[in-house]
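A short write-up of the structure that comes next.
The values are calculated or read from the model by the stated rules, or taken from the named source; none is laboratory data. Everything numeric in this text was worked out from a predicted model, so none of it was measured. When we count neighbours, we look across all protein chains shown, and the Cβ atoms used for this are built from the backbone with ideal geometry, even at glycine. Accessible surface is based on the protein model in full, side chains and every heavy atom, while ligands, DNA and RNA are left aside. Shrake-Rupley method; radii C 1.70, N 1.55, O 1.52, S 1.80 Å.
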Amino acid sequence: MPRRPGTMAGPVVGGILRQFHKWRSRIPPGSVQDSPGEAAKEPERAPEHCLATFAGGQHFFEYLLVVSLKRRRSGEDYEPTITYQFPKRENLLRGQQEEEERLLSAIPLFCFPDGNEWAPLTEYPRETFSFVLTNVDGSRKIGYCRRLLILDEVEKRHQISMAVIYPFMQGLREAAFPAPGKTVTLKSFIPDSGTEFISLTRPLDSHLEHVDFSSLLRCLSFEQILQLFASAVLERRIIFLADGLSTLSQCIHAAAALLYPFSWAHTYIPVVPESLLATVCCPTPFMVGVQMRFLQEVLDSPMEEVLLVNLCEGTFLMSVGDEKDILPPKLQDDILESLGQGIDEQQTPEQINEHVSGPFVQFFVKTVGHYASYIRWEASGQGRFQERAFYKALPSKANRRFVKKFVKTQLFSLFIQEAEKSKNPPAGYFQRKIREYEEQKKQKKSKGKPVK
């Protein structure tokens with residue numbers, strides 16, 4: 001093991017907006033000392049009696065943490081340890097304190113999922129990736145990790161006192177969470193730079209927040225992405241393999257985003273730590289990312305009906321064999337035709353996301369977009385979904401065969417359960433696409449043209 005002149009640290013920000021994660025990477029390395037005792041003292045904290053929740057939108061993030069590799073007492077190897085935490089909560093109830101302890105004990109493992117074989121110091125590139133922690137109630141917390149080397153020389157040149165960073169973090173955490181399309185502006189004072197105003201804008205359409213399809217497009221062909229989508233739609237077991245943590249997390253988030261307006265509700269681990277590799281033996285559906293160096297361990301594990309995706313080579317190492325036959329042939333052709341229309345190099349990431357996501361949203365519009373017409377409403381206001389009438393309403397036999405299977409998935413069940421709660425749901429992106437499609441059908445019908 002070579003001598004380490006510095007510390008590898010992974011600041012982990014649990015938040016909702018991707019814009020905040022981008023800002024965090026602008027803080028120069030070396031802003032956190034190698035030892036928590038060397039950091040400047042924080043201003044006195046006000047007592048806090050409740051944990052922040054993502055769903056309530058109370059805060060931009062729950063925690064800012066610095067996780068560093070620290071040498072064990074034995075001196076033989078290193079272990080990831082939290083060396084800075086903001087905010088530090090006080091006066092928590094016993095149950096809240098236990099919840100916080102469970103959360104904070106799990107985070108270091110996911111910041112350094114590489115296992116105990118740490119590479120020489122010079123071999124670590126800067127990486128940005130994300131991970132997901134699932135609670136026992138099924139709710140999820142998202143961590144955004146920026147992993148970098150904090151060397152002695154960089155610390156000397158770019159050191160920023162915690163006393164300077166703290167007011168900004170406090171202001172950001174307490175700022176009103178913006179509505180879709182709205183912006184919040186924060187003021188920050190940085191030594192040698194003066195006062196900066198940082199604007200954080202929440203995307204108007206949130207279904208592609210935190211998603212970047214570029215990595216998936218670089219790793220897989222359109223046909224492979226379509227087969228990956230088909231496996232996910234039927235809630236199969238999917239394992240992604242790649243060398244880089246960034247590639248793993250970006251591709252798995254992109255694959256899950258293709259399911260919109262449905263949400264993957266099963267095991268979901270963008271980067272599986274070495275100690276949790278047994279996850280790939282799980283008999284229930286999962287979508288997980290594994291570093292390529294653990295390939296042999298994965299292959300030696302007992303697995304059934306799994307799609308093993310090699311993102312480095314752009315191949316499927318294992319598959320069920322029927323991935324090309326899951327989706328209706330005509331709708332497969334429609335998706336591939338739309339994807340194949342080309343992506344302009346001048347397009348923004350948002351435009352690329354829309355280009356890739358659009359055909360898959362349209363697939364669901366054509367197959368299940370009529371769901372609202374088959375919810376019968378009782379006097380109590382409770383809706384009852386008419387499953388059999390719903391899939392029989394489809395004129396295409398191929399579409400009916402697919403939907404008959406799809407309605408049995410948890411993806412669809414959770415979606416319908418939400419739909420049954422309100423007769424007038426919020427007019428979201430999916431509902432807008434359904435209306436556009438219905439309007440197109442009416443126009444084509446009036447002109448005597450066939451409806452696709």
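Some observations on this one:
- Charge dipole (Cα centre; +1 on Lys/Arg Cβ, -1 on Asp/Glu Cβ; no other charges) of segment 338-452 amounts to roughly 1020 debye.
- Accessible carbon and sulfur surface of segment 236-309 relative to its total accessible area, %, 1.4 Å: 52 percent
- R0 of 22 Å, Cβ-Cβ distance K397-N424: FRET efficiency to nearest 0.05: 0.10
- Think of a 1.4 Å ball rolled over the protein heavy atoms: segment 305-452 then has 60 Å² of accessible area per residue.
- Whole-Hz ³J(HN,Hα) from phi, Karplus 6.51 cos²θ - 1.76 cosθ + 1.60, for segment 215-223, glycine and proline x: 5, 5, 5, 6, 8, 10, 7, 4, 5
- The peptide list 382-389, 322-329, put in order of mean Cβ contacts within 10 Å with the highest first, becomes 322-329, 382-389.
- Rounded to whole Hz, the Karplus (6.51, -1.76, 1.60) HN-Hα couplings of segment 372-382, x for glycine and proline: 4, 6, 10, 10, 8, 9, 8, 4, 6, x, 7
- Among 416-426, 279-289, the peptide with the highest mean count of other Cβ atoms within 10 Å heads the list, and the full ranking is 279-289, 416-426.
- A simple packing score, the average count of other Cβ atoms within 10 Å per residue, orders the peptides 295-304, 391-400, 233-242, 76-85 as 233-242, 76-85, 391-400, 295-304, with the highest score first.
- Segment 236-292 and segment 343-362 have Cα centres separated by 23 Å.
- Couplings 3J(HN,Hα) of segment 278-286, computed from phi: 5, 4, 5, 8, 4, x, 8, x, 8 Hz, in residue order, whole Hz [Karplus 6.51 cos²θ - 1.76 cosθ + 1.60, θ = phi - 60°; x for Gly and Pro].
- Model label sites at S413 and L104, defined 7 Å from Cα along the beta-carbon direction, differ in position by 3.8 nm.
- S446/T267 FRET efficiency (R0 35 Å; Cβ-Cβ; nearest 0.05): 0.15
- Ranking V361, Y371, V407 by Cα position along the charge dipole of segment 358-415, where only Lys, Arg, Asp and Glu carry charges on their C-beta atoms, puts V407 farthest toward the positive end.
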